[in-house]
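Okay, so here's the structure we're looking at.
The values are calculated or read from the model by the stated rules, or taken from the named source; none is laboratory data. As the structure is a prediction and not an experimental result, all values here were calculated from the model. Cβ: placed from backbone, ideal geometry, glycine included. Neighbour counts: every protein chain shown. Remember, those area values only see protein heavy atoms, side chains included, never the ligands or the DNA or RNA. Shrake-Rupley method; radii C 1.70, N 1.55, O 1.52, S 1.80 Å.
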Amino acid sequence: MSALTDKRIVLGISGGIAAYKSADLVRRLRERGADVRVVMTRGAQEFIRPLTFQALSGNPVHSDLLDPAAEAAMGHIELARWAGLILIAPASAQLLGKLAAGLADDLLTTLCLASQAPLAVAPAMNQVMWHHDATTANVDRLRSRATHIWGPAAGSQACGEIGPGRMLEPDELVRRVERLFGNRQLLASRRVVVTAGPTREALDPVRYISNRSSGKMGFALAAAAQRAGAEVTLIAGPVALATPTGVKRIDVTNALEMRDAAEEAADACDIFIAAAAVADFRPAQVAEQKIKKSDSRDEDRLTLVKNPDIVAAIAARRKLRPFTVGFAAETEKLLEHARGKLQRKGLDLIVANDVSAADGGFDSDRNSVTVIDANGCETLPSALKTELADRLITVIASRAVQE
Ligand code: PMT
């Protein structure tokens, strides 16, 4: 039985020459037992006729929001509830912009707003459009809402240029759909707690000590755990990210608040993932008023005190001890330092990442990690944090659930 047997997929098709490849995509999804309903934008119909998709999917093709026949058959709200996944392939630059802005001026964009199903888009456009700041901003906004951005691939384009912008091939898209559905039940009925983002350790009412963590890695893990069927609590330091769908969020500011929230949440948790960049130290004193430069010498000293080690305390629990995963943020001797933390903190698993790497670590959309436990290590190559998170959840589930 395929991971796609009886899965309900709405395939959105927007305008672009890659629309012809979507016919093959429908065929492959159906071969694997999926039930596919196609929704085409007006632009898509300029490139390929709806009849092609009606024949391949075995279902009527939807195109207009106010199509009486379609509404009578299966209205757009019913279609939104029916979908187990909305995949848009190809996704044009214009469509990405409308999704990012939350517009709903045709059937496809209305569906995306009305549905709570996971959304995946396969961008396809000229490489200059792909690199345009507006497109980048739209993609970032979609990613912050846990939209899967699958592709684009780089290579020669229909316009004769070479570069990123080609829609991923149908077989690669099918593999991603299978992985997404395959992950769906990995953590069913499990309770997962994730810490994310930096902490801020106050010096006075105005100043604080912090770090460059954006929270992206932890938020992606919370979203991925939720997609895998878990009940997820996300304990977030000060970050500017939207809460992933279906995730309970607790906002904290400093390490002591994060520790209190983590200790409480860990009492009802099966898996604890500490992705937060928690300050190891805090100022011994917090000034009640803003420290005045005039009151300070040219060189002043600051006394710091150690913060509690949140993940180590969770791992040291005798009762109610969850499967405990830490992260290691290193700039050198990555595996050696990570292994040291795995042992010192008593963790079940540690995720090592080189935070000095150009396209990884703090605030980057991408990361590459090495997962280490007592039995060895496995490197997950550079990928978008949203995709890496799905892979990490698969690895964590394979170890935690067998426990
Ligand atoms: O948030 P992003 O911008 O996406 O960046 C992601 C990340 C780089 C922050 C993330 O991938 C990461 O590496 N998080 C851990 C950062 C960190 O504090 O690593 P560390 O080696 O200093 O700490 C080791 C582990 O102990 C971590 O799991 C940390 O959460 C935990 N810890 C540390 C100190 C403390 N007082 N309590 C803790 O629980």
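Using a probe radius of 1.4 angstrom, the carbon and sulfur fraction of the accessible surface of region 8-183 is 53%.
Ordered by solvent-accessible area of protein heavy atoms (1.4 Å probe), largest first, the residues His148, His76, His132 come out as His132, His76, His148. Think of the chain as having a plus end and a minus end, set by charges on the Cβ of Lys, Arg, Asp and Glu; of Val401, Asn126, Gln285, Val401 sits farthest toward the positive end of this dipole.
For the chain, the relative contact order comes to 11 percent (Cα pairs under 8 Å, sequence separation of at least 6). Averaging the Cα positions of each part gives two centres, and for region 368-389 and region 255-327 these lie 25 Å apart. Report the paramagnetic label zone for Asp105: residues of region 1-42 whose backbone N is under 13 Å from a point 7 Å from Cα along the Cα-to-Cβ axis. Flagged as within label range: 42. In the complete set of protein chains, residue-level accessible area for Met167 is approximately 0 Å², probe 1.4 angstrom. Taking Cα centre as origin and charging only the Cβ of basic (Lys, Arg, +1) and acidic (Asp, Glu, -1) residues, the dipole magnitude of region 182-242 rounds to 220 debye. Taking 0.36 nm per residue of separation and subtracting the current Cα-Cα distance, fully stretching the chain between Asp171 and Ala202 would add 6.0 nm. For Arg200, the amide hydrogen comes within under 5 Å of the amide hydrogens of Asn254, Ala255, counting only partners 5 or more places away or on other chains and with H modelled in the peptide plane.
Binning the alpha carbon pair distances of region 149-288 at 10 angstrom intervals from zero yields the distribution 12, 31, 25, 18, 11, 4, 0, expressed in whole percent.
Charges were assigned to the Cβ only: +1 to each Lys and Arg, -1 to each Asp and Glu. The resulting dipole of region 8-183 about its Cα centre is roughly 420 debye. Note on Glu378 and Lys293: their simple-model spin labels are 5.4 nm apart, each label 7 Å out from Cα toward Cβ.
With N counted as the residues of region 191-400, its alpha-carbon radius of gyration over 2.2 N^0.38 Å works out to 1.04. Determine one quarter of the surface area of the Cα convex hull of region 243-354, which equals its mean projected area, and express it in nm² to one decimal. For region 243-354, averaging the hull's shadow over all directions gives 10.1 nm². Taking 7 Å steps out from each Cα toward its Cβ at Asp363 and Thr5 produces label points 4.9 nm apart.
If R0 is 22 Å, the Cβ-Cβ spacing of Ile17 and Ala55 corresponds to a FRET efficiency of close to 0.60. Once you treat every alpha carbon in region 8-183 as an equal point and sum by Debye, what is log10 I(q)/I(0) at q = 0.19 Å⁻¹? Listed by q, the Debye log ratios stand at -1.32. Would you mind estimating how fast the chain diffuses translationally, via Stokes-Einstein at 25 °C and 0.890 mPa s with the Kirkwood radius over Cα pairs, in µm²/s? It comes out at roughly 107 µm²/s. Using the basic label-point model (7 angstrom from Cα toward the beta carbon), what is the Gln116 to Glu257 distance in nanometres? The two pseudo-label positions are separated by 2.8 nm.
For region 141-202, with the dipole built from +1 on Lys and Arg beta-carbon atoms and -1 on Asp and Glu ones, taken about the Cα centre, which of Ala202, Ala154, Leu168 lies farthest toward the positive end? Positive-end residue among those listed: Ala202. When +1 charges are put on Lys and Arg Cβ atoms and -1 charges on Asp and Glu Cβ atoms, the dipole computed for the chain relative to its Cα centre reaches about 600 debye. Residues of region 241-257 falling in the label zone of Leu320, defined by backbone nitrogen less than 20 Å from a point 7 Å along Cα to beta-carbon, are 248-252, 256-257.
In Å², and per residue, what accessible area does the chain have when probed at 1.4 Å with the other protein chains present?
Dividing the accessible area of the chain by its residue count gives 47 Å².
For region 246-299, the spread of Cα coordinates along the three principal axes comes to 52, 19, 17 Å, biggest extent given first. In order along region 137-150, phi translates into HN-Hα couplings of 5, 5, 5, 4, 5, 5, 4, 5, 9, 6, 6, 7, 9, 9 Hz, rounded to whole numbers, per the Karplus curve 6.51 cos²θ - 1.76 cosθ + 1.60 with θ = phi - 60° and x for Gly and Pro.
Put simply, when 239-248, 34-43, 181-190 are sorted by average Cβ atoms within 10 angstrom per residue, most first, you get 34-43, 181-190, 239-248. Per-residue packing, averaged as other Cβ atoms within 10 Å, sorts the ranges 224-231, 19-26, 150-157 into the order 224-231, 19-26, 150-157, beginning with the highest. As a fraction of the 1.4 Å probe accessible area of region 191-400, surface on carbon and sulfur atoms comes out at 48 percent.
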